[in-house]
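Input: one structure, supplied below.
The values are calculated or read from the model by the stated rules, or taken from the named source; none is laboratory data. Computed from a prediction, not measured in an experiment: that's the story for all the values here. All Cβ positions, glycine included, derive from the backbone under ideal geometry; neighbour counts span all protein chains shown.
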Amino acid sequence: MHAVGQDFAGRTVSSSDNASVHLIPVPLTCEKLVSSNGVDFVKNLVLNAQSTPQNVIWKLTVTNPNGFPLQNVILTEVNALPSGTSCTTNGTAVTFPLTVAFLDAGASIDVICSGTVSCPGSTANSCQAQGEVSPTAGICAIGTNGFPVKSDICTSSASVTCIPPSTSGCRTTGGGKQPSQNTCPVIGYVTHGGQVGAPFGAAGAPDCSKGLAGGFYNPCIRGEYQHVRHIKGGPRSTFHAASNGREHDFDSLACACLPCDTFDLSTPVWPTSNLSCHPQDRTYNGDGIIENGLCNTDTICGPEPGKAPANKICFSGVGDYTLSNDRKTENKVVFRVDIEDRGQPGGAHPISKANKLNATDRYRMRMWIINPLDIDTAPILALREAVACKNAHIEVVAGTLPCGQLINGRTSVPEPDIDDGGDLDSGNRQIHPSTGATCN
């Protein structure tokens, strides 16, 4: 007579009359999949460009791979399916937890569940199962503890991710150099350069109420950017941010077509600022502004003569800030860049040399130095949302931290530690149409 039982370590064993004991495992397999059409099932389903609830079908398959049957196989959910989802087995409605009275050797059972998932966003479902060895002729299925021998516990999960529809943005290239009077705190001069928005740059801004899943580190904004602060004859500090498939430092991007002469510089953002060199924000009154649309063809206010979808771009995120003074110390910063492309040749210095009527390009970089360990904490996510580019025609950042957060015990957004730029002195910033590539 053979027996199946459990030793003191909880392992399953088998023995014959007066024979030595042999370990016999009792496995059980689970596979959770999901589909959008009921035919093609995958572990991780991605639905592109969806902003309304979507119908999906979940399938859980539990298989007994043993050479003997199992009984009382209990299927449970680790995290529940969305409300309103209905499940069936062989056409019969079922609910979790579900008990399968008998599962023969090599047999499987499928549980099919249909319902909707919220979009955009992510939905995951995990299930587990465990059964007991079923007594049959020649098998004793009682363990040494006097209870039925149980199978291993199997677990499986599947997920659905809905990527929100993206608004095509724009991209920027170019660079420049600005003198001491365009720096804050004051140093010798600053230089900057790089491109943002290629091969793609989707317009959008993060939402701290959703945590890291709220659009931070946007993989659909690509590029590489650098801003360097120079002290004549001394050290320099370098800012760098990139998004290239391995890292994603950009949180937001917005583009707009702006008029030339309707901005209001009457109200500074920081009326009690400790930075006496802090420039006032540039805020347009809304007349003739187009957000993320086709631009005007103004040869004075830009971006003509080169055709572009915008003459203003704003982008933000987090980046590295390295201080060099015989040694390197890397900090993290929350940053925001505002750029206006007013045509050719761009900077005030080349424009004056060329004796042209074009308005001057504008470049402004703001940085908030943070503790690298705090970069993804709730207060810093709130700061990143507050300074993000929700639209491109307002250069002002939010005055109050969102999501009820505090920084240093205060609800107000702190003033930037670095605020360089203004009307571009030398160099040229250019804004171009999107490349046509899409973020998948």
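If you check 121, 106, 91, 67, which single one turns out to be closer than 27 Å to residue 211 by Cβ and not aliphatic (A, V, I, L, M)? Talk me through it step by step, then tell me what you get.
Numbers: 106 fails: closer than 27 Å to residue 211 by Cβ; 91 fails: closer than 27 Å to residue 211 by Cβ; 67 fails: closer than 27 Å to residue 211 by Cβ.
Of 121, 106, 91, 67, the one residue that is closer than 27 Å to residue 211 by Cβ and not aliphatic (A, V, I, L, M) is 121.
A follow-up question, please. Exactly one condition in (1) modelled with pLDDT under 95; (2) β-branched (Val, Ile, Thr); (3) surrounded by fewer than 13 Cβ atoms within 10 Å (Cβ to Cβ) is false for residue 26; which is it?
Result: residue 26 fails condition (3) only.
Looking only at the range 76-97, which residues are within 19 Å of residue 29 (Cα to Cα) and under 36 Å from the mean Cα position of the chain (by Cα)?
Answer for the range 76-97, where residues must be within 19 Å of residue 29 (Cα to Cα) and under 36 Å from the mean Cα position of the chain (by Cα): 76, 77, 78, 79, 96, 97.
As an exercise: evaluate residue 183 against (1) touching a strand residue (DSSP E or B) at 6+ places or on another chain (Cβ under 9 Å); (2) surrounded by fewer than 19 Cβ atoms within 10 Å (Cβ to Cβ) and give the number of the one condition it does not meet.
Residue 183 satisfies every listed condition except (2).
Does residue 296 satisfy the criteria of being under 33 Å from the mean Cα position of the chain (by Cα), at pLDDT below 80, on the phi > 0 side of the Ramachandran plot and not small (Gly, Ala, Ser)?
No: the conditions fail for residue 296.
Just one of 13, 39, 34 is outside any loop (DSSP other than H, G, I, E, B), assigned by TED's automatic domain parsing to the domain that holds residue 116 and modelled with pLDDT of 70 or more; which is it?
Result of the check over 13, 39, 34: 34.
For residue 21, work out the one condition from (1) modelled with pLDDT of 95 or more; (2) more than 21 Å from residue 159 (Cα to Cα); (3) of a type in the set (A, V, I, L, M, F, W, C); (4) surrounded by fewer than 17 Cβ atoms within 10 Å (Cβ to Cβ) it doesn't fulfil.
Evaluating residue 21 over (1) modelled with pLDDT of 95 or more; (2) more than 21 Å from residue 159 (Cα to Cα); (3) of a type in the set (A, V, I, L, M, F, W, C); (4) surrounded by fewer than 17 Cβ atoms within 10 Å (Cβ to Cβ) leaves (1) as the failure.
Given the conditions (1) within 23 Å of residue 66 (Cβ to Cβ); (2) crowded, with 16+ Cβ neighbours inside 10 Å; (3) not aromatic (Phe, Trp, Tyr), report the number of the one that residue 159 does not fulfil.
Single failed check for residue 159: (1).
Name the residue, out of 196, 149, that is at pLDDT 90 or above and touching a strand residue (DSSP E or B) at 6+ places or on another chain (Cβ under 9 Å).
196
Out of all the residues in the range 225-235, which are surrounded by fewer than 17 Cβ atoms within 10 Å (Cβ to Cβ) and either over 19 Å from residue 331 (Cβ atoms) or in contact with a His (Cβ under 6 Å, 6 or more places away or on another chain) (or both)?
Of everything in the range 225-235, those that are surrounded by fewer than 17 Cβ atoms within 10 Å (Cβ to Cβ) and either over 19 Å from residue 331 (Cβ atoms) or in contact with a His (Cβ under 6 Å, 6 or more places away or on another chain) (or both) turn out to be 226, 232, 233.
Can you find a residue in the range 241-261 that is surrounded by fewer than 15 Cβ atoms within 10 Å (Cβ to Cβ), at pLDDT below 70 and either in a loop (DSSP other than H, G, I, E, B) or among the aliphatic types (A, V, I, L, M) (or both)?
If we filter the range 241-261 for residues that are surrounded by fewer than 15 Cβ atoms within 10 Å (Cβ to Cβ), which is where we start, we get 244-247, 261.
Next, only the ones that are at pLDDT below 70 stay: 261.
So of that shortlist, the ones also either in a loop (DSSP other than H, G, I, E, B) or among the aliphatic types (A, V, I, L, M) (or both) come out as 261.
Among the residues of the range 241-261, at least one is surrounded by fewer than 15 Cβ atoms within 10 Å (Cβ to Cβ), at pLDDT below 70 and either in a loop (DSSP other than H, G, I, E, B) or among the aliphatic types (A, V, I, L, M) (or both), which makes the answer yes.
Spot the failing condition for residue 407; the list is (1) of a type in the set (A, V, I, L, M); (2) under 18 Å from residue 204 (Cβ atoms); (3) within 24 Å of the chain's Cα centre (by Cα), and only one is missed.
So residue 407 meets the others, but not (2).
Residue 322 passes all but one of (1) at pLDDT below 85; (2) of a type outside the set (Lys, Arg); (3) surrounded by fewer than 17 Cβ atoms within 10 Å (Cβ to Cβ); which number fails?
Every condition holds for residue 322 apart from (1).
A follow-up question, please. What's the total number of residues in the range 394-418 that are touching a Gly at 6+ places or on another chain (Cβ under 7 Å) and of a type outside the set (S, T, N, Q)? Give the steps one after another, and end with the answer.
Residues of the range 394-418 that are touching a Gly at 6+ places or on another chain (Cβ under 7 Å), as a first pass: 412-413.
Now drop any that are not of a type outside the set (S, T, N, Q), which leaves 413.
Going through the range 394-418 one residue at a time, the tally reaches 1.
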